[in-house]
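Here the structure is laid out as structure tokens; the discussion comes afterwards.
Read the figures in this text as sums done on the coordinates, not as results from a lab. Keep in mind that this is a model prediction, so the values were computed, not measured. Backbone-built Cβ (ideal geometry, glycine too); neighbour counts: all protein chains shown.
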Amino acid sequence: MKRVSALFFLFTVLLALPAQAQKTDNKLTKLIEKEVNGFHGIAGIYVKNLKTGREAVYNADTLFPTASTIKIPIMVGIFNKIVNKELNYYQPLTYSKRKQLYAGDDGLIASLQDSSKVSLSIVQMLSITTSDNSASLWLQELAGTGTEINNLMNSIGLKNTRVNSRTPGREDIREIYGWGHTTPREMAGLLVKIRNREILTPAACDEMYRILGTIYYDDRALSQIPPTVKTASKQGMVSESRSEVVLVNAPHGDYVFAVYTKNQKDLSWKKTNEGRQLIISISKLLWNYFEPTYGWKPAEGYDEFNGAD
């Protein structure tokens, strides 16, 4: 009887705990705080184990510049148009240099000859895979302006994820955050919605998830995850801010994380950039935390393929 009473008491105590306390991974939170300690700037981190529902957060609800991670909401905007039959995924598009979608961009789209034909699906792939800015601005235009994308984000519960660039009425906030802004929790949540087929249609989510799994910039967070493990991700970089959001299909259960920085003192574009290194260290920490017995680490000599200065 005493044992039953003790179990009942423990059960009632657990029920009385706030929901946030029950789902917080305190051990992981402390490890993350240790990694962030001494960072010269502001960092925001959100982590969730999708199997257990437990989270670790650090400034997870603070606004940060998206940089190129805004290309995920833009992609959702494009697929919304496809689902509503306003666009066709494989329709040919005609590139016009007269539009000057992104002056000085060194991506593949900006290198096209005037009046070149290219499939919408290829433009979408380049936007995510190689983070082509011209492709992304073209897609933003096709998605029906930043305002329409922002309304779509609002409709799926993302209240802080917004496109600012080329969006009427958002000129002042663009001066602060650039192309877009979000929170680590919301951008990670958007990846989870895509993974779980919770927005648009299941087929649209599956295709978006496939695109997010074909990333050229694999020398940051992805460098600390075995290449045989599937990931879906997007990276962002501007001088004072670095960002990456990743969903890992790990053997012992999927997990998602987002790392954002702003107001960095280190403005360099070298591999040693402090924000870049923070993303790498957090990714390494999480992989080893969730998969401690996997027995993998980056191969000797991997730094040769780990980005260029």
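Key figures
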read-out	value
Rounded to 10°, Cα long-axis angle of helix 26-36 versus longest principal axis of the chain	50
Cleavage-rule hits (trypsin sites (Lys or Arg not before Pro)) in segment 44-105: DSSP loop, at most 15 neighbouring Cβ within 10 angstrom	Lys51, Lys85
Size of charge dipole - segment 70-140 - debye, nearest 20, with Cβ of Lys, Arg +1 and Asp, Glu -1, no other charges	220
Relative contact order of the chain, defined on C-alpha pairs under 8 angstrom at six or more residues apart (%)	21
Segment 214-309: radius of gyration over Cα atoms, expressed as a fraction of 2.2 N^0.38 Å	1.05
Antiparallel content of DSSP bridges confined to the chain, in %, to 5	95
Neighbourhood charge, 13 Å Cβ-Cβ cut-off, centred on Phe305 and excluding it, Lys, Arg +1 and Asp, Glu -1	-3
Inter-centroid distance (Cα atoms) of segment 262-309 relative to segment 203-227, Å	16
Coil-residue trypsin sites (Lys or Arg not before Pro) of segment 231-309, DSSP, other Cβ within 10 Å capped at 12	Lys265, Lys270
Principal-axis tilt of helix 184-195 within the chain, Cα atoms, nearest 10 degrees	80
GNM top mover of His252, His181, His40 - the chain, alpha-carbon springs below 10 Å	His252
C-alpha long axis of helix 120-129 to longest principal axis of the chain, angle in °	50
Neighbour-count ranking [beta-carbon atoms within 10 angstrom, fewest first] of Ile225, Ile74	Ile225, Ile74
Check: the chain dipole with +1 on Lys, Arg Cβ and -1 on Asp, Glu Cβ, in debye	880
Contact order normalised by residue count of segment 48-158, Cα under 8 Å, 6+ apart, percent	29
